[in-house]
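The values are calculated or read from the model by the stated rules, or taken from the named source; none is laboratory data. Keep in mind the model is a prediction, meaning the values are calculated, not measured. A quick note on method: Cβ atoms are made from the backbone with ideal geometry, for glycine too, and the neighbour counts reach across all protein chains shown.
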Amino acid sequence: MTAAKGTSADATRPKEAASPGGRQAKAAPRAKRAAAAKSTAKSTAKSTAKSAPEATGTGNADGRPVGGKPESHLAMVRRARRINRELAEVYPYAHPELDFRNPFELLLATVLSAQTTDLRVNQTTPGLFAAYPTPEDLAAANPEEVEEIIRPTGFFRAKTRSIMGIAVALRDEFGGEVPGRLEDLVKLPGVGRKTANVVLGNVFGVPGITVDTHFGRLARRFKWTEQDDPEKVEAEICAIFPKSEWTMLSHRVVFHGRRICHARKPACGACPIAPLCPSYGEGETDPEKARKLLKYEKGGLPGQRLSPPPDYPGQPAPPLGAG
Ligand code: SF4
């Protein structure tokens, strides 16, 4: 459960990762051949076959039905929970990748993160939070000055309207505090379920699944869902995992999507959960080439937060303009 374990695991499981289904999937055909060729090998073949995904209920690992049977819902749930456990080993330090010191800052940072990277938001918010530390300050700001500060995050006019609207609502309707209920949060300008769940899960301790672009993509690659609509994805994933896991599961899956299971070229050959993934082979399977695709701390690069948590094993991100 150390950072080093997570990092090295990526690099030291090429054999499993290079074979769809890893050791378990390989064992089944070998066992069948042995059983057919030698009657004396029957018992050995049986015991080896038991370790195949079909027999363990971990499901097929190459995206096709094992033995002609599709993966049962129960097998998928077991496999999904195992993926979550393995991701917890790989990313014991998973956390929100937006810099914040209080609920107000996290709410604004999450709204600003639409259509841009957390890194760009983290490089921009220090100036915003220094100029307008409270909802009252931001509600009374000159919109043009706010626009200038948040310009690097893109869509800065619409985002200025949203965050100033949030500040006004917090000042006038919630006594200057961020509310801790989903139904209140989603009424704020520019705040949807995703933003609300980020705030609830990370500052109020209310479990929530955060379906962003990474989470949705990986949930479909893992065959946890076939839905595209984030709300439907959220509902289906909530039914697979216990509530207590929802927030950390979200962080782990997003961490994996940002570092290894990228949108265009997933690094399958360096992926520690390849044996459990039905989409193995969608990306680079050559272990050496795959390792070069790893990002952030997995690739020895700076992370997205300028102020990462103390247990983060990588380097902090540089401030705006520093590279
Ligand atoms: S990188 Fe993604 S698609 Fe490839 S094996 Fe890992 S989780 Fe599956």
Sort out which residues of region 246-262 are within 12 Å of the ligand (Cβ to nearest atom), in contact with a His (Cβ under 8 Å, 6 or more places away or on another chain) and aliphatic (A, V, I, L, M), and write them in order of number. Val253
Here are some conditions: (1) surrounded by fewer than 18 Cβ atoms within 10 Å (Cβ to Cβ); (2) over 25 Å from Thr153 (Cα atoms). Pro316 meets all but one. Which one does it not meet? (2)
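If we only count helices (runs of 4 or more DSSP H) wholly inside region 213-263, which ones have 2 or more residues that are loosely packed, with under 15 Cβ neighbours inside 10 Å and of a type in the set (A, V, I, L, M, F, W, C)?
Numbers: elements: 213-221, 230-240, 246-259.
Correct list: 230-240.
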So how many residues does region 245-281 have that are farther than 16 Å from Ile83 by Cα and either among the aliphatic types (A, V, I, L, M) or without any contact (Cβ under 8 Å) to a residue 40 or more places away in the chain (or both)? 5
Answer with yes or no whether Gly283 is within 16 Å of the ligand (Cβ to nearest atom), closer than 29 Å to Thr110 by Cβ and assigned to a loop (DSSP other than H, G, I, E, B). yes
Please tell me if Gly201 is on the phi > 0 side of the Ramachandran plot and either assigned by TED's automatic domain parsing to the domain that holds Asp228 or of a type outside the set (Lys, Arg) (or both). no
Can you tell me which residues in region 263-280 are among the hydrophobic types (A, V, I, L, M, F, W, C) and near the ligand (Cβ under 9 Å from one of its atoms)? Ala267, Cys268, Ala270, Cys271, Ile273, Ala274, Leu276, Cys277
For Leu182: the one exception among (1) within 30 Å of Arg78 (Cβ to Cβ); (2) outside the structural domain of Leu119 (by TED's automatic domain parsing): (2)
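For (1) among the hydrophobic types (A, V, I, L, M, F, W, C); (2) without any contact (Cβ under 8 Å) to a residue 40 or more places away in the chain, each residue gets a yes or a no:
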site	(1), (2)
Val168	yes, yes
Gly176	no, no
Arg181	no, yes
Asp184	no, yes
Pro189	no, yes
Phe204	yes, no
Val211	yes, yes
Arg217	no, no
Trp224	yes, no
Given the criterion among the charged types (D, E, K, R), away from the ligand (no atom under 16 Å from the Cβ) and at negative phi, identify the matching residue among Lys232, Lys295. Lys232
Exception for Ala196 within (1) under 15 Å from Arg81 (Cα atoms); (2) surrounded by 23 or more Cβ atoms within 10 Å (Cβ to Cβ); (3) without any contact (Cβ under 8 Å) to a residue 60 or more places away in the chain; (4) over 12 Å from the mean Cα position of the chain (by Cα) falls at (1)
